[in-house]
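The values are calculated or read from the model by the stated rules, or taken from the named source; none is laboratory data. Only a predicted model underlies this, so the values are computations on that prediction, with no experimental measurement involved. As a convention, Cβ positions derive from the backbone with ideal geometry for all residues, glycine included, and neighbour counts pool all protein chains shown. Please note that ligands, DNA and RNA were not included when accessible areas were found on the heavy atoms of the full protein model with its side chains. Shrake-Rupley method; radii C 1.70, N 1.55, O 1.52, S 1.80 Å.
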Amino acid sequence: MEETQMRSSPNGSKARRLAAVLFLPLAMILSPLPALADPSPPVSEVVPDRQPSTAQDGVALIRIIVPDQASVDRLNDMGVDLAEYKKSSDEGIEVHAVLSPQEAQDLRDQGFDLRGVISDQSDFAANQAERSRALASADAAEAATDTLTVLRSEWFTSLDGRRFLSVEVKSSATDSQTVLTATWDSGPGTAPDSGGTATMSRFTDAGQYMYHRFNSPLAVTEAPTKVTVTSNRGGSVTVNVNKWLGEPRKAPSRHYISDFVDHYMDPTELTERIVALAKEFPKYAEIIDLPNKTNGYRRAAQGQFGTVAASTFYVSSKTFGSEGGNDISVALVNPNAASSPLSVAVTGKDIVVTLATDAAGALSSTAKQVVDAVNANAAASALVSANTYRTNTGAGLVAAAPATRLTDNLKAPASVKREPFQTKALRIGKTRDGSKVGVFLYCQEHAREWVTPLTCLETAERLLRNYSRDHREVVDDLDIFILPTANPDGAHYSMYDFNMQRRNMTNHCPATTGDPAARNSWGVDLNRNFSVGSIFDGYSGASTSCTSDTFAGPAELSEPEARNEVWLTQQFPNIKFAMNTHSYGGYFMWPPGAYKSAGRELLPRVDFGTENYFWEASSHILSAVQAHRSTAIWPGRTGPVPDVLYSAAGNSADEHWFNRGIIGWDFEVGADLYDPATGRFQAVGFQPPFSEGHEEAMEFANGQIAILEVARAFSQDRRRPDSKLRITGGTGTSTSFTFLTNEPANVYYTLDGSRPTLNSPKLTAAGMREGAGQITVNQTVEVRFFAVDIAGNVENNYQPDGNGNNYNDKRVKVGSS
Ligand SMILES: [Zn+2]
């Protein structure tokens, strides 16, 4: 298709895409619009990078390499539709964007490095490592020896027993010329270098050096026991390689049944299924109607007239198409008489505009005049509003056109009701009176993530259908809320109209961007509409443009879908855990989820004990995911959202955690698949073939059930933690120490001999993804301390706000004093 380009607009590339598709076949469009473009030279035909089977307007999922997080933020700010996927490479950051051919070309024109579609992955490690070595060799000799800190060092099995190695190391030399090389053995008793050697990649974010790691886990033949990392700056460190995941799991009973989904389901089907489940299991389940009805799968009916921008106008029905808007017609009539005035007549729902003529009998009404005449006519303006094309003044002459019906252009079958959607959650639990710890599992905030609602539904079915043998404990001891589809309108639209729809169907765009061709660009990104760390608070990773795919909405919590989630957590304050399931990439993440770009200022990190608890929980949860078909979620895709993905201003997990203390986690189902033939990992995308989507739903239903096991353990935890002080180093004038705990717990301490309380300093991490920090004193002190675990159990039953002295007490000496 020949595409035209219009002048740049505040909405950037998205708006240009809209221009490119402006003249797609609406009923009354006569021909392409060659004159729409401004005087800039015509753009040659753009060949799409790929036409996926699901292509709409040539939209494809394309890899982009950017140098840093600032560029990711820039793409975000431009309204580029980024997948929830980010991967470091030596060259910077790989992101995936949903782009039309025109958008892709626009980005290339602006210097962005587009690398083809996701199935065309390349590995640049070798090239770049060579380049880095060459760059580094010049300076290495004179640089000071660096210190290396191993953050994580792990091997794991994935995919039919194949083994992989993952190492994260931080160098004290943060510049780009520091090259780290990892060497590992091939099992107990083997030579230290018998496993292999590889150069590590430098991981930076928002301009800051984070650490070195492999771009993807490395395939190894044997499980290594030790890895040695050396730096061209002289640093060297050898550490044990730990096993990641593979925690032994209790085998399900012989009678365990699973696999309840056999096709991608729309929200109407999903809701019918959970209603039927509640009916079938009334003792253990009930339906909760969420109070805020959505916009509904519906929108105004529209029609557009004209062939060039100046003579183009469009009308939008005042009622939704399904409520009569689709019955309205508009005709543009030539009176075939000279010097005839412009007039508008309405009969029922048929609007007839008789165009004016000049003295010679030629049509003489401009688009602006027609728009004004329609809007000024009481009967017509009761039915429709008319607009010139976007910001065009509409000075071009309007041509006659036969009577044409307006249409909302919605294609779902009648089973999908055109009315506000009654969102329903399924509540599962033997005791549903608020006395049990609550867990909120919700899926499909983003419409196009078709696997996610299947995950939630599969979990619900397994819990109820295996209750008697396998899931009695979690159903008996927890209060479980499952919301299979948080964005029903968008999901219906994604399934039947525009598969790449991410947002809901509420149109907040002004008339100037409300034309029919913009219809795929309306809606609010629900996972940016929440009230903590939002774009309205200055956080990064959302947009105020109504046509951006990360549009945060006109205000925090403007959308009924977002308010429904908040309502549920307020209505049921026993909810203590939440899982926000998205796709794709294979991630397990936790708060904080957003930062301000300037200075990479994060929402507060969780404290050290909580972070350790999240890591421990992740081991249990991700081992359960792995149990289905050996998929290992990478250590490098586990952690706080900004450490492993990007900033997402106004997301729901932060809402739950920071506003209500609910442990808010995120899944991205759909881990990269390893191709043994090429030795590369490949991304799976939003809507893989169902055979793959089914596997993802099965393995992450395992993960959701493991979350319930974690929550139940939390609810039953009466064990008090123990802590002890360990001296870690000293000189003649100072001594360093830290604390150890026998389970994830926070340690509160004082150094001045006072009683420690919950307001005393807490042990912190040494740094991001690092172990416990150290405390250094330069005089002998009396250290008083106690530990508290995540469930609130206090060491030795000490009362921090009482008067007792059953805290720990340890004297730390400096020198010989
Ligand atoms: Zn998502």
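Quick notes
- Complete set of residues in the stretch 775-817 that are basic (Lys, Arg) and out of contact with any Lys or Arg (no Cβ under 9 Å at 6 or more places or on another chain): ARG811, LYS813
- Strands (runs of 3 or more DSSP E) fully within the stretch 192-258 counting 3 or more residues that are of a type in the set (D, E, K, R), under 30 Å from GLU473 (Cβ atoms) and assigned by the TED database to the domain that holds SER166: none
- Residues located in the stretch 184-203, provided they are open to solvent by 20 Å² or more (accessible area, probe 1.4 Å) and touching an Asp or Glu at 6+ places or on another chain (Cβ under 6 Å): SER186, PRO192, SER194, GLY195
- Those strands (runs of 3 or more DSSP E) of the stretch 306-405 in which 1 or more residues are closer than 30 Å to PRO420 by Cβ, in contact with a Pro (Cβ under 9 Å, 6 or more places away or on another chain) and of a type outside the set (S, T, N, Q) occupy 313-320.
- Failed item, numbered, when ARG680 is tested on (1) within 21 Å of ARG629 (Cα to Cα); (2) surrounded by 19 or more Cβ atoms within 10 Å (Cβ to Cβ): (2)
- For the stretch 721-770, a residue qualifies if it is assigned to a strand (DSSP E or B), more than 38 Å from the chain's Cα centre (by Cα) and of a type in the set (Gly, Ala, Ser), and the qualifying residues are GLY729, GLY730, SER736.
This table checks each residue for (1) out of contact with any strand residue (DSSP E or B) (no Cβ under 8 Å at 6 or more places or on another chain); (2) open to solvent by 10 Å² or more (accessible area, probe 1.4 Å); (3) more than 16 Å from the ligand (Cβ to nearest atom); (4) under 25 Å from PHE700 (Cα atoms).
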site	(1), (2), (3), (4)
ALA425	no, no, yes, yes
ASP433	yes, yes, yes, no
VAL439	no, no, yes, yes
ALA447	yes, no, no, yes
TYR467	yes, yes, yes, yes
LEU478	no, no, yes, yes
PRO484	no, no, no, yes
ASP515	no, no, yes, no
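- Number of residues in the stretch 214-252 that are among the small types (Gly, Ala, Ser), open to solvent by 40 Å² or more (accessible area, probe 1.4 Å) and either at pLDDT 95 or above or under 19 Å from VAL169 (Cβ atoms) (or both) equals 2.
- Every residue from the stretch 743-789 that is over 12 Å from TYR807 (Cα atoms), β-branched (Val, Ile, Thr) and crowded, with 19+ Cβ neighbours inside 10 Å: ILE775, VAL781
- Where ARG600 falls short, out of the listed (1) open to solvent by 10 Å² or more (accessible area, probe 1.4 Å); (2) under 18 Å from the mean Cα position of the chain (by Cα); (3) closer than 28 Å to ALA683 by Cα: (2)
- Filtered residues of the stretch 524-549 (kept if open to solvent by 20 Å² or more (accessible area, probe 1.4 Å) and touching a residue at least 60 places away in the same chain (Cβ under 8 Å)): SER531, ILE535, PHE536, ASP537, TYR539, SER545
- Test: residue in the stretch 560-576 that is open to solvent by less than 10 Å² (accessible area, probe 1.4 Å), among the aromatic types (Phe, Trp, Tyr), assigned by the TED database to the domain that holds GLY434 and out of contact with any Cys (no Cβ under 8 Å at 6 or more places or on another chain): no
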